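Engineer: To start, I am sharing the structure in question, which I have written as structure tokens.
The values are calculated or read from the model by the stated rules, or taken from the named source; none is laboratory data. Since we're looking at a predicted model, the values are computed, not measured. Virtual Cβ from ideal backbone geometry, glycine too; neighbours counted across all protein chains shown.
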Amino acid sequence: MAKKKGKREEIFTFPEFNRDEYRTKEIRDSKVTLFSVFYALVVAVVCYSLVRMAGIGGWVTIIGFIAPFGLTRVLPLIFDTSEFERKNWIGPMFMSFMAWLGFMILLSNPPFNDIAKPKFQGVDMYVEMDGKWNETMEIGEDTPFVLVVSVKDNWEVETVTITSGAAGLNSQSMPKLEQNNEYNITGNSWHYHEFDGLKSGSYSFTINAADSEGNSNSKRISITIG
């Protein structure tokens with residue numbers, strides 16, 4: 001009795017590796033990535049110029065999100081993207097956005113630019129006792145005291161002023177405390193105003209700070225005397 005012949009299994013063969021085609025695609029993809037970074041730099045410089053000249057800081061964020069889609073129009077003018085699938089566009093667009101974000105962070109900080117407002121770090125009061133100035137939380141009526149406020153900026157604080165109608169102050173300048181000052185207050189960000197004394201009551205003060213780029217911030221504080 002003849003044996004039935006079994007089905008012949010087909011043997012899978014790997015396609016032949018095309019070294020030249022692989023090298024060509026890798027070189028193209030590398031050039032596309034580098035161009036995406038350069039493209040992001042150009043967009044970042046344009047955004048930086050708009051912020052400096054027109055002060056439209058909010059709009060540049062929208063530009064940053066939209067700009068990577070422009071690569072779908074620009075890249076075909078320089079590279080052969082006929083074989084690009086949808087997934088091939090994700091890499092260059094993501095790289096472009098991340099590069100733009102990095103460039104904008106760099107250009108938004110010194111020495112290129114300063115878009116951050118001055119920050120208030122703390123407020124203290126000092127009174128003189130036994131020939132020494134000491135920090136205090138309570139101020140007596142007609143007692144001379146020094147009000148100090150710490151103001152910091154990522155570049156340089158230009159002006160700090162204090163205003164209080166009840167205390168008779170109208171945008172009075174608060175100079176910066178130098179090192180080895182007479183109050184023995186340490187630190188390089190303190191600004192002060194010395195009071196000869198105030199009558200009993202509650203006082204509200206508005207402190208305004210501005211940096212050399214025109215960014216400003218304000219803080220309201222209250223002090224009870226007596």
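Engineer: From the list LYS119, LYS176, pick out the single residue that is modelled with pLDDT of 90 or more, touching a Lys or Arg at 6+ places or on another chain (Cβ under 7 Å) and surrounded by 12 or more Cβ atoms within 10 Å (Cβ to Cβ).
Structural biologist: Within the list LYS119, LYS176, the selection yields LYS119.
Engineer: Right, next: State which residue pairs qualify: first residue surrounded by 14 or more Cβ atoms within 10 Å (Cβ to Cβ) and inside the range 92-115, second residue among the charged types (D, E, K, R) in any location, beta carbons under 6 Å apart, and separation of 6 or more residues or different chains.
Structural biologist: Here the result reads ASP114/GLU213, each pair linking the range 92-115 to a residue that is among the charged types (D, E, K, R).
Engineer: Related question: Within the range 196-216, can you find the residues that are outside any loop (DSSP other than H, G, I, E, B) and surrounded by fewer than 18 Cβ atoms within 10 Å (Cβ to Cβ)?
Structural biologist: Across the range 196-216, the qualifying residues are GLY201, SER202, SER204, THR206, ASN208, SER216.
Engineer: Kindly indicate whether ASP80 is of a type in the set (D, E, K, R) and either surrounded by 13 or more Cβ atoms within 10 Å (Cβ to Cβ) or closer than 25 Å to LYS152 by Cα (or both).
Structural biologist: no
Engineer: Would it be correct to say that ASP124 is surrounded by 13 or more Cβ atoms within 10 Å (Cβ to Cβ) and not β-branched (Val, Ile, Thr)?
Structural biologist: yes
Engineer: Something else now. Among the candidates MET104, MET53, MET98, which residue alone is within 27 Å of the chain's Cα centre (by Cα), more than 27 Å from LYS219 (Cβ to Cβ) and at pLDDT 95 or above?
Structural biologist: MET98
Engineer: For the range 127-153, name all the residues that are of a type in the set (A, V, I, L, M, F, W, C) and surrounded by 14 or more Cβ atoms within 10 Å (Cβ to Cβ).
Structural biologist: Residues satisfying the conditions are VAL127, TRP133, ILE139, PHE145, VAL146, LEU147, VAL148, VAL149, VAL151.
Engineer: Does the range 58-68 contain any residue that is under 30 Å from ILE207 (Cα atoms), under 30 Å from the mean Cα position of the chain (by Cα) and surrounded by 14 or more Cβ atoms within 10 Å (Cβ to Cβ)?
Structural biologist: No.
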